[in-house]
Amino acid sequence: MSKQQQARSDANEPSEKVRETASTAGPDASALEARIKELEGANAALQEELSSLKDQYLRKLADYENFRKRMFREKDDAVQYANSSLILDLIGVIDDFDRAAAAADAHGHDYAALHDGVKMIHTRLLGVLEGKYGLKRFDSAGQVFDPNLHEAIASETGDFDEPTVAEEFLAGYRLHDRVVRCAKVKVAMPDVARAEAGAPDEDATGEDR
């Protein structure tokens, strides 16, 4: 081979290597491009899913806020109007007072008629409160003093073995099983001096030592 032929052969070798490299890299580039398209599609799907989840979250958040506001509103209404039934019953009692006063005026301010009307209203009111709401009055006079039921606002010495309610100034009430107001009472305390004076002398009655 001549020098010119050798030079032409050497000049053609890089082109052949590039073609071989290109032919070798071709399948890899196609696979890479396909992979890129696949990832771009997956990314688009994820973006769409993220947008959908974000929209769902915002809707749930709005529903929760509306629910919370409604619960607060219902709670306020429940507190504000919890005693509606009791108020309606008391309005009926007020009507009875109005009728009793009008009847007394119609009879020339008849005290007896007014007294009877007030007594009737008192009985009716206690009946409503006890029958519908569980409020019950308890008697204290003559009962053994109980600090859970009675509030002593006065005391005196009496012929009792233990503290006893001598007089009831203000009645006590239970709501079902709970005391909602203690009775205000006068307590008769045992006469300690009288008890000691009446006790037998052990030294006088005992045998000689």
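Of all residues in the stretch 161-209, those being at pLDDT below 90 and aliphatic (A, V, I, L, M) number 6.
Within the stretch 94-118, how many residues are farther than 20 Å from Val128 by Cβ and in contact with a helix residue (DSSP H, G or I) (Cβ under 6 Å, 6 or more places away or on another chain)? Going through the stretch 94-118 one residue at a time, the tally reaches 6.
Given the structure, is Ala31 part of a helix (DSSP H, G or I), surrounded by 10 or more Cβ atoms within 10 Å (Cβ to Cβ) and at pLDDT 90 or above? Spell out how you get there, then give the answer.
Details: part of a helix (DSSP H, G or I): yes; surrounded by 10 or more Cβ atoms within 10 Å (Cβ to Cβ): yes; at pLDDT 90 or above: no.
For Ala31, the condition - part of a helix (DSSP H, G or I), surrounded by 10 or more Cβ atoms within 10 Å (Cβ to Cβ) and at pLDDT 90 or above - is not met.
With respect to the conditions (1) charged (D, E, K, R); (2) assigned to a loop (DSSP other than H, G, I, E, B); (3) surrounded by 13 or more Cβ atoms within 10 Å (Cβ to Cβ), Arg124 falls short on a single one, namely (2). Taking the numbered list (1) closer than 30 Å to Ser85 by Cβ; (2) hydroxyl-bearing (Ser, Thr, Tyr); (3) not in a loop (DSSP other than H, G, I, E, B) in turn, Ser155 passes all entries but (1). Looking across Asp95, Asp89, Asp161, one residue alone is part of a helix (DSSP H, G or I), in contact (Cβ under 8 Å) with a residue 24 or more places away in the chain and among the charged types (D, E, K, R). It is Asp89.
The values are calculated or read from the model by the stated rules, or taken from the named source; none is laboratory data. Given the structure is predicted, the values throughout are model-derived calculations rather than measurements. With ideal geometry, Cβ positions are generated from the backbone for all residues, glycine too; neighbour counts draw on all protein chains shown.
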